[in-house]
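K.L.:
Before I ask anything, here is the structure I am working with.
The values are calculated or read from the model by the stated rules, or taken from the named source; none is laboratory data. Computed from a prediction, not measured in an experiment: that's the story for all the values here. Cβ sites come from the backbone with ideal geometry, for glycine too, and all protein chains shown count toward neighbours. To get the accessible areas, we keep the full protein, side chains included, count just its heavy atoms, and leave off ligands, DNA and RNA. Shrake-Rupley method; radii C 1.70, N 1.55, O 1.52, S 1.80 Å.
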Amino acid sequence: MKDDLLIRDMQLSDRNFILKSILSHYKHGSPHTKLIPEHIFFDAHHYIISKAMRQDGFFCRMAALKDDPDVVFGFILGNFDPETIHYMYVKKAFRRMGMARHLVESAFDLNSDIYFTHLTFDAGFITRTHQNFVFNPYLLNGDVWRLTQAEGAADRQRV
């Protein structure tokens, strides 16, 4: 499968797929969202993700079929400063094939700390395989991470 995979930058035509995937997957796949009424969750989280997509250093890479780049298997959405995964999604039929790892490797050095902002039931695979993944949901809100840096906080809670 890896030989047939193309990692490409997000195109405008990918935006609806990305937003729909994040909202649906996170609403139904996270312990944090179960009690939030749908009308509150979908409006608020759509706003938050759209805001994150406008931050400096934002990126989104798509895992697509090499022969037909419009056939998308998943994506990674994040920020380079600090190295943060805001969301990673792979369609269910294509999970456990190394696609998520390939997406992470396309964006980050796996030897450095990488933050992630969404905790889902299936995110455990990445935190079990890499000790340098740090859960920090506050990074969705722009430069809040600078508060921690400014205070010199060196200790981080690992998930």
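K.L.:
Taking θ = phi - 60°, what integer Hz values does the Karplus form 6.51 cos²θ - 1.76 cosθ + 1.60 yield along the stretch 37-50, in sequence order, with x for Gly and Pro?
P.N.:
Those phi angles translate into x, 4, 5, 6, 4, 5, 5, 5, 6, 4, 4, 5, 5, 4 Hz.
K.L.:
Which of rounded, prolate or oblate describes the stretch 1-133 when judged by the alpha-carbon gyration tensor and an a/c cut-off of 1.5?
P.N.:
In terms of gyration-tensor shape, rounded.
K.L.:
Among rounded, prolate and oblate, which fits the stretch 1-77 when a ≥ b ≥ c are the square roots of the eigenvalues of its C-alpha gyration tensor, a/c under 1.5 means rounded, and a/b larger than b/c means prolate?
P.N.:
Prolate is the answer for the stretch 1-77, as a/c is 1.5 or above and a/b outweighs b/c.
K.L.:
For the stretch 37-94, just say rounded, prolate or oblate: build the C-alpha gyration tensor, square-root its eigenvalues into a ≥ b ≥ c, call rounded for a/c under 1.5, and beyond that prolate if a/b exceeds b/c, oblate if not. Mind showing how you got there, number by number?
P.N.:
Numbers: a/c = 2.42, a/b = 1.32, b/c = 1.83.
It is oblate, given that a/c is not under 1.5 and a/b is not larger than b/c.
K.L.:
Using 0.36 nm per residue, how much length does the chain from N132 to L12 gain when fully extended, once their Cα-Cα distance is taken away? Intermediate values should be presented prior to the final figure.
P.N.:
Numbers: separation 120, 0.36 × 120 = 43.20 nm, distance 3.17 nm.
Full extension of this stretch gives 40.0 nm more.
K.L.:
Going by amide H atoms built from the backbone, whose H comes under 5 Å of the H on T84, apart from near neighbours?
P.N.:
N79, Y115
K.L.:
Now a separate question. Please tell me which of these pairs span more than 19 angstrom C-alpha to C-alpha: K34/K91; K27/K92; K51/K91; K20/K51?
P.N.:
Working: K34/K91 21 Å; K27/K92 16 Å; K51/K91 24 Å; K20/K51 15 Å.
In this structure, K34/K91; K51/K91 exceed 19 Å between Cα atoms.
K.L.:
Taking θ as phi - 60°, what are the ³J(HN,Hα) couplings along the stretch 61-73 by the Karplus curve (6.51, -1.76, 1.60), each to the nearest whole Hz, with x for Gly and Pro?
P.N.:
10, 10, 9, 10, 6, 4, 6, 8, x, 7, 8, 9, 9
K.L.:
Under the Karplus relation 6.51 cos²θ - 1.76 cosθ + 1.60, θ = phi - 60°, what is the ordered set of whole-Hz ³J(HN,Hα) values for the stretch 79-95, x standing for Gly and Pro?
P.N.:
9, 8, 9, x, 4, 9, 9, 7, 7, 10, 9, 10, 4, 3, 5, 10, 6
K.L.:
Now a separate question. Mind giving me the FRET efficiency for E38 and N111? R0 is 41 Å, r the Cβ-Cβ distance, nearest 0.05 is fine.
P.N.:
0.55
K.L.:
Sticking with this structure for a sec: What percent antiparallel are the DSSP beta bridges of the stretch 1-144, to the nearest 5?
P.N.:
That works out to approximately 80 percent antiparallel.
K.L.:
If you rank L77, L65 by how much accessible surface each has, with a 1.4 Å probe, what is the order from largest down? Could the numbers behind the result be given before it?
P.N.:
On the way: L77 0, L65 50 Å².
Greatest to least solvent exposure: L65, L77.
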